[in-house]
1. Output the number of the condition that F192 fails; it satisfies all remaining conditions of (1) loosely packed, with under 14 Cβ neighbours inside 10 Å; (2) more than 23 Å from R251 (Cα to Cα); (3) not acidic (D, E).
2. For the range 164-172, does any single residue satisfy the condition of being touching a Phe, Trp or Tyr at 6+ places or on another chain (Cβ under 6 Å), surrounded by 14 or more Cβ atoms within 10 Å (Cβ to Cβ) and not assigned by TED's automatic domain parsing to the domain that holds V46?
3. Name the one entry in T103, T118, T96 that is over 30 Å from L247 (Cβ atoms) and in contact with an Asp or Glu (Cβ under 9 Å, 6 or more places away or on another chain).
4. I'd like to check something: does the range 93-109 contain any residue that is of a type outside the set (G, A, S), closer than 23 Å to Y161 by Cβ and modelled with pLDDT of 70 or more?
5. Is there any pair linking a residue in the range 177-191 that is assigned by TED's automatic domain parsing to the domain that holds I205 to one that is in a loop (DSSP other than H, G, I, E, B), with Cβ under 8 Å and at least six apart or on different chains, and which?
6. Just to be sure I understand, how many residues within the range 54-93 are assigned to a loop (DSSP other than H, G, I, E, B) and among the β-branched types (V, I, T)?
7. Every residue in the range 188-203 that is modelled with pLDDT of 80 or more and not β-branched (V, I, T), please.
8. If the requirement is being farther than 30 Å from K246 by Cβ, among the polar types (S, T, N, Q), out of contact with any Lys or Arg (no Cβ under 8 Å at 6 or more places or on another chain) and not in a helix (DSSP H, G or I), which of these qualifies: N216, N185, N175?
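The values are calculated or read from the model by the stated rules, or taken from the named source; none is laboratory data. From a predicted model like this one, the values you see are computed outputs, not experimental measurements. Virtual Cβ from ideal backbone geometry, glycine too; neighbours counted across all protein chains shown.
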Amino acid sequence: MKTIEKLSENILDKLSIDFLRSQVLKNAYGNNDTRIAAMDPRMLLVWYLFFGLVPWFVHSVPFLIGCFLLVAVTTWMARVAGLVLFLFAVGVFSQTGYLFLVTLLFGGDASAVVPLLTLTLKVATVSLASVTIFSGLDPDKLANGLMWYGCPERLSFSISYAYRMLPLLMEEFQNVLLSYRLRGNPPAHDTFGGKIRYLVYQVQIVMHAFYPLMLNTAKRSRTTVEVLEIKGYRYAAVNKEVKKIKLSALRLTNDDLLFAAVSFLWVAVAILIATLV
């Protein structure tokens, strides 16, 4: 019993707001010194377009395994936060396990393993490719890459702005939670049952904090829009010279070409193995 209480205490200590905030911000802004972050965003977007779409149209297990291993390596190179990887593992593999149990419950047999494995590899490959790209690219690089491919400037700016609003959301969320804690009376959490009640109490606070969080963020967003208007954002969005200057920093390096070549070679080997099998 003491072991269970100690384990629950360690888990609840880890699931604090500060820990979640640090993990989210680390994944969005703390990976600028990785090899993935140093690459050209145009090449990374093409790479993501392949690994985000092609696996859905392929049913060969060897090919999918090869793609999964490649994106797993790139995820490691991007230094993705541990919380994101944990949520990925829970979301993908628990859903597959649930489908397998339902299949067995309604008269299926072990032959359902291969289709479920194929589905798991597809979802895992696309998910890890998404995690790699969006944790390795900062808002400016992502917006510039989309703009270079002809994406409307307002859409690319909206994506970049959403990234930049993330710290404000986390800060406002923490402030609202602190205000609720100051006015609330949390249950005692010395025992295991008390820790469960305390966890339920924390979930209720999070639900109640949603509306004031959106209201305070909307107020800050209005201030940000006014500042952008003062700086001439609308004029810069349609001026070709400004766009040319903004995109002049994009350069394909030898590392970009090497990364693309290794990915192409790995996929070619996976296709060969799948053909032979």
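1. Here F192 meets the rest and fails (1).
2. Taking the range 164-172 and keeping what is touching a Phe, Trp or Tyr at 6+ places or on another chain (Cβ under 6 Å), we get none.
For the range 164-172, residues touching a Phe, Trp or Tyr at 6+ places or on another chain (Cβ under 6 Å), surrounded by 14 or more Cβ atoms within 10 Å (Cβ to Cβ) and not assigned by TED's automatic domain parsing to the domain that holds V46: absent.
3. Details: T118 fails: in contact with an Asp or Glu (Cβ under 9 Å, 6 or more places away or on another chain); T96 fails: in contact with an Asp or Glu (Cβ under 9 Å, 6 or more places away or on another chain).
It is T103.
4. If we filter the range 93-109 for residues that are of a type outside the set (G, A, S), which is where we start, we get 93, 95-96, 98-106, 109.
Subsequent filtering for residues that are closer than 23 Å to Y161 by Cβ retains none.
No, that holds for no residue.
5. L177/A209; Y180/A209
6. Our first condition is that a residue be assigned to a loop (DSSP other than H, G, I, E, B); within the range 54-93, this holds for 58-60, 78-81.
Add one more test, that the residue is among the β-branched types (V, I, T), and what stays is 58, 80.
Here the count works out to 2.
7. Residues satisfying the conditions are R197, Y201.
8. Numbers: N216 fails: not in a helix (DSSP H, G or I); N175 fails: not in a helix (DSSP H, G or I).
Being farther than 30 Å from K246 by Cβ, among the polar types (S, T, N, Q), out of contact with any Lys or Arg (no Cβ under 8 Å at 6 or more places or on another chain) and not in a helix (DSSP H, G or I) holds for just one of N216, N185, N175, which is N185.
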